[in-house]
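Novice: Handing you this structure, nothing more for now.
The values are calculated or read from the model by the stated rules, or taken from the named source; none is laboratory data. These numbers were taken from a predicted model, which means no experiment stands behind them. As a convention, Cβ positions derive from the backbone with ideal geometry for all residues, glycine included, and neighbour counts pool all protein chains shown. The area values use the complete protein model at the heavy-atom level, side chains included, leaving out ligands, DNA and RNA. Shrake-Rupley method; radii C 1.70, N 1.55, O 1.52, S 1.80 Å.
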Amino acid sequence: MTVNELQKCLIKEIEQITKEMSFLDCERNPASMKGYSQAIPIFSVFRETDSIDKEPLGEDSLFPYFVVRADSVEYQADDKDGQGNRVRIMIVFAVMDEDPDMNGYCTLTAAVERVIERFQRNQSLEAFWCSRRMNVAYQEDDTFPHFFAGIEMIWYIPEIEQEEMW
């Protein structure tokens with residue numbers, strides 16, 4: 001099992017966890033949270049027009065979204081739990097809501113808490129498992145109407161079988 005497979009599994013799981021939640025897109029229409037592996041796709045902010053040129057939609061067209069980013073991988077880690085191969089995963093969430101009562105912050109926090117609750121209750125996801133220790137961080141600057149938060153997690157991936165030497 002690879003890091004890419006872990007990212008795909010997390011995207012699928014988080015999209016499922018958040019599918020019943022109420023999010024808004026940049027035009028204030030109901031939307032589902034979309035997951036991306038490693039980074040947001042920069043080319044998806046462009047769309048075809050009737051002309052030869054492309055008209056930029058802007059980054060707001062991506063909202064709501066989350067990114068599952070592998071920050072580092074350590075193979076054969078000397079872990080006190082004896083776990084082996086570790087992947088440090090950062091999950092960054094982004095929602096947009098122009099409600100002056102800061103509803104976007106509440107929506108963002110609810111999404112983060114749902115994901116944390118899921119993996120606190122059950123740390124396994126297919127062939128992968130995570131540590132119950134997780135960190136959450138929110139953006140420092142006022143980015144209204146955009147709201148951002150991230151979860152840092154340690155995931156364990158299966159050992160790579162060593163071939164016989166002789």
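Novice: Could you tell me which numbered condition Arg133 fails, if it satisfies all but one of (1) surrounded by 14 or more Cβ atoms within 10 Å (Cβ to Cβ); (2) in contact with a strand residue (DSSP E or B) (Cβ under 8 Å, 6 or more places away or on another chain)?
Specialist: Evaluating Arg133 over (1) surrounded by 14 or more Cβ atoms within 10 Å (Cβ to Cβ); (2) in contact with a strand residue (DSSP E or B) (Cβ under 8 Å, 6 or more places away or on another chain) leaves (1) as the failure.
Novice: In the list Ser37, Ser124, which residue meets the criterion of being modelled with pLDDT of 95 or more, among the polar types (S, T, N, Q) and crowded, with 16+ Cβ neighbours inside 10 Å?
Specialist: Numbers: Ser124 fails: crowded, with 16+ Cβ neighbours inside 10 Å.
Going through Ser37, Ser124 in turn, the sole match is Ser37.
Novice: Can you tell me which residue within the range 14-27, out of those that are open to solvent by less than 50 Å² (accessible area, probe 1.4 Å) and under 14 Å from the mean Cα position of the chain (by Cα), is nearest to Asp97 (Cα to Cα)?
Specialist: Looking at the filtered set, the residue picked out is Thr18.
Novice: Let me ask something else about it. Within the range 84-109, which residues are farther than 13 Å from Phe23 by Cα and outside any loop (DSSP other than H, G, I, E, B)?
Specialist: Those that are farther than 13 Å from Phe23 by Cα and outside any loop (DSSP other than H, G, I, E, B): Asn85, Arg86, Val87, Arg88, Ile89, Met90, Ile91, Val92.
Novice: Now, a different point. Considering only residues that are within 16 Å of the chain's Cα centre (by Cα) and farther than 20 Å from Ala110 by Cβ, which ones fall in the range 130-166?
Specialist: Of everything in the range 130-166, those that are within 16 Å of the chain's Cα centre (by Cα) and farther than 20 Å from Ala110 by Cβ turn out to be Cys130, Ile154, Trp155.
Novice: What's the total number of residues in the range 100-109 that are open to solvent by 80 Å² or more (accessible area, probe 1.4 Å) and under 18 Å from Asp25 (Cβ atoms)?
Specialist: 1
Novice: State yes or no: is Val112 at pLDDT 95 or above, open to solvent by 60 Å² or more (accessible area, probe 1.4 Å) and hydrophobic (A, V, I, L, M, F, W, C)? If you could, list the steps in order and put the result at the bottom.
Specialist: Numbers: at pLDDT 95 or above: yes; open to solvent by 60 Å² or more (accessible area, probe 1.4 Å): no; hydrophobic (A, V, I, L, M, F, W, C): yes.
Answer is no for this residue.
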